[in-house]
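In what follows, a structure is listed as structure tokens, so that the remarks can point back to it.
The values are calculated or read from the model by the stated rules, or taken from the named source; none is laboratory data. Not measured: the values here are computed from a predicted model. We place every Cβ from the backbone using ideal geometry, glycine too, and count neighbours over all the protein chains shown.
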Amino acid sequence: MGGPEMAPHAPHVRRAPAKPWRSSSSLSARLGVVILVAALAVAVGAPAVAPHDPLKQNLGNALARPAAAHWLGTDNVGRDVLSRVVWGTRVSLVAGFVSVAMALVAGSMLGLVAGYCGGRIDGLLMRAMDAVLSFPPLVLALALGAVLGAGLTGVLIALAVVYTPTFARLMRGQVLSITARDYVDAARALGAPAWRIAWRHVLPNATAPIVVQASLSVAFAILAEASLSFLGLGIQPPAASWGSMINAGRGYLQQAPWIVFGPGAALFVTVVGLNFVGDAVRDALDPRVREQGRQV
Amino acid sequence: MAQVVARRLLATIPVLLLVTAGVFTLLHLTPGDPIDAMMAESVDASVKENLRKELGLDRPIPVQYAAWMGRVLRGDLGRSIRNGEPVIENVGRRIRPSLQLAALAMTISLAIAFPVGIVSAVRRNRPVDRVGTTFALFGICMPNFLLALLLIFVFGVTLRWLPISGYTDPLEDPVAGLRSLVLPAVTLGLALAAVVTRTLRSSLLEALAEDYVRTARAKGLSEGRVVRGHVLKNALIPVVTVLGLQLGTLIGGAVITEYVFALPGVGRLVVDAVFARDYPLVQGVVLLIAVGFIVSNLCVDILYGFIDPRIRYH
């Protein structure tokens, strides 16, 4: 057998067909989008969607089992759990998106300045970011929440501080890589000022990884807000937030587990959905992942 | 190797300095006067004034920082306002349950992650892989306080197999001690197992596609020997990286887990100090946790050199 004849009988490399991977990935992406859109709709339309007043107590109907009148039952003071879950969606989504947006803006600016200025400013800013990263995230958020006071504002600032270094490092890396490219040299040679190069050339090209990171961070920010609220540092009672509802319900786990599992399920499903969306955004924007996807 | 360690230690110094500055600033981030925030309005003004002097809050901030740093360098992290005990003693009493919890959680996570990750990678895209990846997704998305309550509901409240709160030292009573730590450790370990499973699976898949694996298979080695002898060691670096990165999550998770299961650990101490507005204690414990976290990451960095001799530090 000559060489050319070998080709059709070359050792068969077993590869998983690309279709199942793609279909399961796009299925999870679609599911994620459906969950996210539903959560956003519930958050925006909470006054119309919630069947009862989330704050209205009815001690005569406390710890009522899930039934037609109260789909997820009532809590220890007779409030409708479903209505509180619906209103809690608002708090969770605001905490997730706003804290990540704050971190994105602050981190991107710091990273841009560090990468562009270099030298001592770069060293100082990056060591400061390393210092923030030296704290376990929840412990830092807890300590900041403690000094800033309980409430949504304190939580938003605490989470923004926790997530800022990730964006700063990412942006700095992008700036260093992009400013070494020929088109930036060309812009410099044409006399473009630094701010214009940063605005027109660096920022647009650095957007993709920042967007990917932001999309992946929102789910974790929602989990962190719920954790802080669970510990009593988030939204204060009687206002509804999933974490504080779960904390309030843990004393009634034996008699009324629905107080915990209603908001718990909402939190879990939302985080799963956001993870799916984050993965899909990464798959779409990260060329390395796209390439791996083609190879599988 | 000694040079590598020395270089990494030197690089840690500026970060440590900034960490101390950050922790010191914590107290001053309090809106208004920290003493007013710590104590009720009804407390006598002279008591507040004495405490202000005792904590040095009546002096300029740079002077306060220098004095505080001087004390920290001598190992004095201040005293708790609640019980008047030094922070170090407070932490010393609470460290053992936290370390036992972390060790057991780490053991559980590795005991789950390695078999699941390996089987998932070797049987890629098969049903067993789907189960493994679903488990990883579940573990990553499940908040640990919710998982803790689920475990309490099933194993504590419904089946009544395990205690739902409290702590017995396993060194004094091994059976009761382990029973008191099982649910908290599973809560903490499952989340870590999920992340390690995901990382191990993807790094094993990468290693399985390497030429040396094809060579090993061509030599007639069984799949088990290929994985054990060639693939696993090469896939370990990302797993060690993730374990290092997850230390922070583990510590954060320990705060929540100790709170839910009423374990008298360092995490619970932080939460109690926050709610008591015992800021010197919060400052001291947060500083100790941050330093512990930095040292752990340093150990992970140094560990790379032992796992992979190709790694060179420049």
Among B:A105, B:A111, the single one that is more than 12 Å from chain A (Cβ to nearest Cβ) and farther than 17 Å from B:I256 by Cα is B:A111
Among the residues of the range B:69-92, are any crowded, with 19+ Cβ neighbours inside 10 Å, within 13 Å of chain A (Cβ to nearest Cβ) and at pLDDT 90 or above? no
Kindly list the number of the only condition in (1) touching a residue at least 12 places away in the same chain (Cβ under 8 Å); (2) more than 10 Å from chain A (Cβ to nearest Cβ) that fails for B:L159. (1)
Filter the range B:162-189 down to the residues that are crowded, with 21+ Cβ neighbours inside 10 Å and assigned to a helix (DSSP H, G or I) and list them by number. B:S180, B:L181, B:L183, B:P184, B:A185, B:V186, B:T187, B:L188, B:G189
May I ask you to verify whether B:L250 is more than 10 Å from chain A (Cβ to nearest Cβ) and either in contact with a Phe, Trp or Tyr (Cβ under 6 Å, 6 or more places away or on another chain) or of a type outside the set (S, T, Y) (or both)? no
Can you name the number of the only condition in (1) part of a helix (DSSP H, G or I); (2) among the polar types (S, T, N, Q); (3) at pLDDT below 90 that B:N125 fails? (1)
All but one of (1) surrounded by 12 or more Cβ atoms within 10 Å (Cβ to Cβ); (2) farther than 25 Å from A:A143 by Cβ; (3) under 24 Å from the mean Cα position of the chain (by Cα) hold for B:L10; which doesn't? (1)
Any idea which of (1) surrounded by 15 or more Cβ atoms within 10 Å (Cβ to Cβ); (2) under 30 Å from B:G284 (Cβ atoms) is the one B:V119 doesn't satisfy? (2)
Looking across the range A:144-153 at residues that are in contact (Cβ under 8 Å) with a residue 12 or more places away in the chain and either surrounded by fewer than 22 Cβ atoms within 10 Å (Cβ to Cβ) or among the hydrophobic types (A, V, I, L, M, F, W, C) (or both), the single one that is nearest to the other protein chains (Cβ to nearest Cβ) is A:A146
Going by the conditions given, is B:T241 within 11 Å of chain A (Cβ to nearest Cβ) and among the polar types (S, T, N, Q)? no
How do the pairs read when you match residues in the range B:117-129 that are more than 12 Å from chain A (Cβ to nearest Cβ) and touching a residue at least 40 places away in the same chain (Cβ under 8 Å) with residues anywhere that are loosely packed, with under 15 Cβ neighbours inside 10 Å and in a helix (DSSP H, G or I), using Cβ under 8 Å and keeping only pairs 6 or more apart or on different chains? B:S120/B:V128; B:V122/B:E223
Suppose the filter is in contact with an Asp or Glu (Cβ under 9 Å, 6 or more places away or on another chain), at pLDDT 90 or above, within 13 Å of chain A (Cβ to nearest Cβ) and within 22 Å of B:C141 (Cα to Cα); does B:R201 pass it? yes
Which helices (runs of 4 or more DSSP H) sit wholly inside the range A:164-270 and have at least 1 residues that are more than 14 Å from chain B (Cβ to nearest Cβ) and not charged (D, E, K, R)? A:182-189, A:194-197, A:203-231
Out of everything in the range B:277-286 that is within 10 Å of chain A (Cβ to nearest Cβ) and out of contact with any Phe, Trp or Tyr (no Cβ under 9 Å at 6 or more places or on another chain), what residue ends up being nearest to B:S80 (Cα to Cα)? B:D278
For the range B:25-48 the number of residues that are facing chain A (nearest Cβ under 9 Å), outside any helix (DSSP H, G or I) and surrounded by fewer than 16 Cβ atoms within 10 Å (Cβ to Cβ) is 2
If I filter the range A:29-46 for residues that are at negative phi and more than 24 Å from the chain's Cα centre (by Cα), do I get at least one hit? no
Options A:M102, A:M109, A:M129; residue that is within 11 Å of chain B (Cβ to nearest Cβ), among the aliphatic types (A, V, I, L, M), within 30 Å of A:S177 (Cβ to Cβ) and assigned to a helix (DSSP H, G or I): A:M129
Considering only residues that are touching a helix residue (DSSP H, G or I) at 6+ places or on another chain (Cβ under 8 Å) and either without any contact (Cβ under 8 Å) to a residue 24 or more places away in the chain or not in a helix (DSSP H, G or I) (or both), which ones fall in the range A:112-126? A:V113, A:I121
Looking only at the range A:55-99, which residues are over 20 Å from A:A150 (Cβ atoms) and in a helix (DSSP H, G or I)? A:L59, A:G60, A:N61, A:V81, A:L82, A:S83, A:V85, A:V86, A:T89, A:F97
Among (1) on the phi > 0 side of the Ramachandran plot; (2) touching a residue at least 24 places away in the same chain (Cβ under 8 Å); (3) not charged (D, E, K, R), the one test that A:L93 misses: (1)
For A:V44, the lone unmet condition from (1) over 25 Å from B:G248 (Cβ atoms); (2) crowded, with 21+ Cβ neighbours inside 10 Å is (2)
Scanning the range B:199-212 residue by residue, the ones that are of a type outside the set (D, E, K, R) and more than 14 Å from B:I118 (Cβ to Cβ) total 2
